[in-house]
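The values are calculated or read from the model by the stated rules, or taken from the named source; none is laboratory data. Remember, it's a predicted structure, so these values are computed and weren't measured experimentally. Note that we place each Cβ from the backbone using ideal geometry, even for glycine, and neighbour counts take in every protein chain shown. SASA here: full protein model, heavy atoms, side chains in, ligands and nucleic acids out. Shrake-Rupley method; radii C 1.70, N 1.55, O 1.52, S 1.80 Å.
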Amino acid sequence: MIFFNKFFYLIISFFVTYILVPSDANASNGVASTNSYAEEIHGATDFRSRTQHSSGQRSSDGVDFVVTLERENISNAGTLTLDYNDDGATNVSLNTSTYPVNSYLIYLNDDHNSKSDRTNKIGQIVFDNEIYGIYDDVSDTIYKANISKSGATYPTSSNSGYSARAMESFNFYANTTTTSTTGGDWVSIGSDKKTLRIGAKNGSHGDYIRVITAAETIPVVDFNTTSSNGAESVSSKAITVDLSGTSSQAVTVNYAITGTATASGTDFTLANGTLTIAAGQTSGTITIASIVNDSLDEANETVILTLSSPGNATLGSDDVHTYTITDNDNPPVVDFNTTSSNGAESVSSKAITVDLSAASGQAVTVNYVITGTATASGTDFTLANGTLTIPAGQTSGTITIANIINDTLDEADETVILTLSSPGNATLGSDQVHTYTISNNDNPPVVDFNTTTSNGAESVSSKAITVDLSAASGQAVTVN
């Protein structure tokens, strides 16, 4: 019968440990790692000391410390007064509504095989989050409302195993992972505030502590800064995306690309995508690559990155970053192709070319005014003061003297003078004045007397002799 009871106990232990537990034991549960003398059994539900009942949870090996997550993200347990905090102080109060917490039980509910086991088999547990402090008093390691595990079995003060959960001659060490004692039970918390080590002098049937850690809060993901800039000669730029804190799981966030710069290799290379920040990391980068250093004078251009749809994080307020690619090219020079030209008045129009010293990445404008001896407004030609626009990518434009009048008047050659000023997105060159000469193409008129003879009485005091022109002239005619 004794053999059967032991066999039955082993079967039940195997079932609880290996069948019921693994679904929880494989999860993080806020525990980063344990050493060979500590075992995670987060599915444990019976926390009675073995002196009270043999079904109290033990380790698989029967000699190890066990860590069990009781409850996580606790914010409704009121104010907790911890026996020790991670700096070694006692009676430290913690308001769970302000600082949500996780609660763990760490216990040795086994029999160490020897005195050597009691001093050498030291359990070590590294938590994902900061250890706020511990409870070691028996009254604080039994059931506590909103902290203890729902449905689990805890002892009461009237149970025979109640006092067996106590640590004996307890010592607490802060900011160390090396100090220990063989004269009593002890706990240390390392300077990283996450590494807890525990040793038990008596090594049998009990020794429980409750550990309170920070709850893992969902980190905020957003850009480190909302704007930055660089010359187009800088071939790439890494834009940093930050997390407000580390996460035990990878964080993802989508990003979309807009702005005035053109992607797909025209100005830079970067497409919409998803950034992954690995577990334990606090930042990642999105790289604007292959920034093109062209020779075009152009306006500064922007690459706008917008974050959305975070995974395992919440989106912060700095969800847009604008990177400005600063142009490093001089503006082109604008002036006339030549400073003078001419044409007969029978030529009905003349296009005067205005050149750029180089193509520009933006439209170039230049004002022009009209002067000269020819009369505008349709008398000799049609053209008014105005502004010439040379589109981006072009190297020249024209100003057209239109509707040149081919009259029949003999007249002097006339000029149309164009003068450039006030360039936009360019500088004014030295050939800023162009003179176009309209050459007369009419023969001069014939001048002679209207008649070759005339007469009159001597009583007529004067006589006007008429001199005729064969045609009207556009200029005064003189004859001696």
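Annotations for the structure displayed:
- Members of region 30-53 that are in a loop (DSSP other than H, G, I, E, B) and either in contact with a helix residue (DSSP H, G or I) (Cβ under 6 Å, 6 or more places away or on another chain) or modelled with pLDDT under 90 (or both): His42, Gly43, Ser49, Arg50, Thr51
- Taking the numbered list (1) on the phi > 0 side of the Ramachandran plot; (2) in contact with a strand residue (DSSP E or B) (Cβ under 9 Å, 6 or more places away or on another chain) in turn, Gly378 passes all entries but (2).
- Number of positions in region 405-459 that are over 30 Å from Gly361 (Cα atoms) and in a loop (DSSP other than H, G, I, E, B): 25
- Output for region 347-404, where each listed residue is open to solvent by less than 60 Å² (accessible area, probe 1.4 Å), in a loop (DSSP other than H, G, I, E, B), out of contact with any Gly (no Cβ under 9 Å at 6 or more places or on another chain) and within 19 Å of Ser421 (Cβ to Cβ): Gly372, Ala376, Leu383
- Selection within region 142-166: residues that are in contact (Cβ under 8 Å) with a residue 60 or more places away in the chain, in a loop (DSSP other than H, G, I, E, B) and among the polar types (S, T, N, Q). The member of this set that is surrounded by the fewest Cβ atoms within 10 Å (Cβ to Cβ) is Ser150.
- The condition of being basic (Lys, Arg) and within 20 Å of Ala214 (Cα to Cα) holds for only one of Arg71, Arg118, that being Arg71.
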